[in-house]
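The values are calculated or read from the model by the stated rules, or taken from the named source; none is laboratory data. Keep in mind that this is a model prediction, so the values were computed, not measured. All Cβ positions, even for glycine, are placed from backbone atoms using ideal geometry, and neighbour counts span all protein chains on display.
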Amino acid sequence: MTSNQILDERYGRKKSKQRDRRIGVFVAGALAIAGFTWIISVAFFAPAKATGEITSFSPTTSQLVHVKGFIQKPASSHATCAVAVRNGNLSVVGYLNVEAPKGQATTNFELDIRVTEAAESAVAQDCRVD
């Protein structure tokens, strides 16, 4: 036996189960409040997002491609997306920024983009709300 156990036995001290329960309830409550606060902040205060999608891609010449697509965003915001044209190795061979003005949730675009070599695909990327 340790000296603490001997003293506890001599003076009748016992480990308090009620105190341990209170501590457990306090910790669980604090974690629940923190989790609820985090969920509310993520759900209601998340920044606005913009997304872009390419709907049509067609090479016009070896130096020019025709791209159609759209940008979706909150109607009250201005957004910018980059349209990157890629070759077979997924290297960027053409690039153009597209702007979506305020007032429309979806903005369609149709572009002719100059390329440095034969292109095989296009992607809308790096969309941001200004």
Scan the stretch 36-82 residue by residue and report those that are farther than 24 Å from Arg128 by Cβ, of a type outside the set (S, T, N, Q) and in contact with a strand residue (DSSP E or B) (Cβ under 9 Å, 6 or more places away or on another chain). Pro59, Leu64, His66
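To keep it simple, each residue is scored yes or no on (1) modelled with pLDDT of 95 or more; (2) over 17 Å from Lys68 (Cβ atoms).
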{"site": "Ala84", "(1), (2)": "yes, no"}
{"site": "Gly88", "(1), (2)": "no, yes"}
{"site": "Ala100", "(1), (2)": "no, no"}
{"site": "Ala105", "(1), (2)": "no, yes"}
{"site": "Leu111", "(1), (2)": "no, no"}
{"site": "Ala119", "(1), (2)": "no, no"}
{"site": "Cys127", "(1), (2)": "no, no"}
{"site": "Asp130", "(1), (2)": "no, yes"}
Considering each residue of the stretch 40-66, count those that are in a helix (DSSP H, G or I) and surrounded by 10 or more Cβ atoms within 10 Å (Cβ to Cβ), and give that number. 2
Every pair of residues 6+ apart whose Cβ atoms lie under 8 Å, when the first sits in the stretch 1-26 and is part of a loop (DSSP other than H, G, I, E, B) while the second is surrounded by 10 or more Cβ atoms within 10 Å (Cβ to Cβ) and not charged (D, E, K, R): Arg13/Leu7
Please tell me if Ala75 is surrounded by fewer than 16 Cβ atoms within 10 Å (Cβ to Cβ), out of contact with any Leu (no Cβ under 9 Å at 6 or more places or on another chain) and either in contact (Cβ under 8 Å) with a residue 24 or more places away in the chain or not aromatic (Phe, Trp, Tyr) (or both). yes
Out of Ile71, Ile40, I need the residue that is within 29 Å of the chain's Cα centre (by Cα) and within 19 Å of Leu111 (Cα to Cα). Which one? Ile71
